[in-house]
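The values are calculated or read from the model by the stated rules, or taken from the named source; none is laboratory data. The structure presented is a predicted model; accordingly, all values stated were derived computationally and were not measured. We place every Cβ from the backbone using ideal geometry, glycine too, and count neighbours over all the protein chains shown. Just so you know, the surface numbers come from the protein's heavy atoms only, side chains and all, with ligands and any DNA or RNA stripped out. Shrake-Rupley method; radii C 1.70, N 1.55, O 1.52, S 1.80 Å.
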Amino acid sequence: MQELEKIWINGDLVPWKEAKVHVLTHALHYGTAIFEGIRCYKTNSGPAVFRLQDHLKRLYDSAHIVRMAIPYSPEELEKGIIDTIKANKLEECYIRPIVFRGYGEMGIDPSSCGVDCVIAVWRWGAYMGEKGIKEGIRAKISSYTRTYVNSGSPRAKTSANYLNSSLAKVEAKDLGYDEAILLDINGFVSEGSGENIFYVKDGVIFTPHPYSILLGITRDTVIKIARKLGMEVKETLCTRDDLYLADEAFFTGTAAEITPIIEVDGRTIGTGKRGEITRLLQEVFFRAAKGEEPDYESWLTKL
Ligand code: PPE
């Protein structure tokens, strides 16, 4: 990983190399952490963070679900994020705030451990490569079931959820695919290891209902853009057969942005190339993120 200059820890910007925690940090042992992934894009009027307020809202929602009180106000974290981007002199970056149970007593009960807060930023290009964004990627239905609402919390962005994601991702890559698609406990499509999923059939856009997924901010962005373009979007139950027979499919995520899916389990999706609706959504999405769509200006927090 390319080292930059500073990382924000509990209110202070410390040198990158010194941004460390104790090996008995509770979160390291028990996964008691929540985090966010946010992007800052270069615009004509300088760097701008995309949907910052929505990401902060989700961080506090995650904290509420896992009963971890964040020791900073949203305004303090917003300032911390902006200060961290500036301290690293970046025009475009990925932003990772993480809130976690720190060093205190060992044992599953986290209540005697304090809550620490870190904000790191780094350069992150296309998540599944530039080729992936333009030409699409190949995905595999995972043998792992998505963490469901009574075994974890798909709605909270917890570190613990990412063991499930990591197992699925490694399996998919071992089998020669780029990404995994996880089914929920009832066998319906939920999401990718780090993305939400959409498909297009006969001009209508479908995406899994909100119950077994992380409620992605890019998912919401795509739904809003598509509806504004006059397209129909349905949040519903989706099966693997729906994906196999789709005209187009794509992943959405802060890291993945909008990544076309051209194959699922050896079945070609549509023409096997990025679909037209996917391409149009990508175009408007990137224009909005880069400040070129006046209708979506309110999504940008300029530095
Ligand atoms: N589902 C999962 C499981 C997920 O991890 C993400 C984001 C999404 C959906 C999309 O959410 P949103 O970013 O709000 O549109 N995954 C983050 C982590 C990626 C990583 O490798 O780390 C991300 O994209 O930032």
Condition test on Gly216, is it of a type outside the set (D, E, K, R) and open to solvent by 30 Å² or more (accessible area, probe 1.4 Å)? no
Restricting to segment 106-132, count the residues that are touching a residue at least 40 places away in the same chain (Cβ under 8 Å) and acidic (Asp, Glu). 1
Residue set Ile85, Ile70, Ile133; condition more than 29 Å from Glu191 (Cα to Cα) and of a type in the set (A, V, I, L, M); output residue Ile85
Wholly inside segment 214-294, strands (runs of 3 or more DSSP E) that include 2 or more residues that are away from the ligand (no atom under 16 Å from the Cβ) are 233-236, 257-264
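Conditions (1) of a type outside the set (Phe, Trp, Tyr); (2) farther than 14 Å from Tyr199 by Cβ; (3) touching a His at 6+ places or on another chain (Cβ under 9 Å); (4) buried (at least 22 other Cβ atoms within 10 Å of the Cβ), marked per residue:
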{"position": "Arg240", "(1), (2), (3), (4)": "yes, no, no, no"}
{"position": "Ala246", "(1), (2), (3), (4)": "yes, no, no, yes"}
{"position": "Ala249", "(1), (2), (3), (4)": "yes, no, no, yes"}
{"position": "Ile261", "(1), (2), (3), (4)": "yes, no, no, yes"}
{"position": "Arg267", "(1), (2), (3), (4)": "yes, no, no, no"}
{"position": "Ala288", "(1), (2), (3), (4)": "yes, yes, no, yes"}
{"position": "Glu292", "(1), (2), (3), (4)": "yes, yes, no, no"}
{"position": "Leu303", "(1), (2), (3), (4)": "yes, yes, no, no"}
When segment 164-192 is examined, which residues are found to be within 12 Å of the ligand (Cβ to nearest atom) and open to solvent by 50 Å² or more (accessible area, probe 1.4 Å)? Ser166
Checking the conditions here, which among Thr147, Thr158 is surrounded by 14 or more Cβ atoms within 10 Å (Cβ to Cβ), hydroxyl-bearing (Ser, Thr, Tyr) and without any contact (Cβ under 8 Å) to a residue 24 or more places away in the chain? Thr147
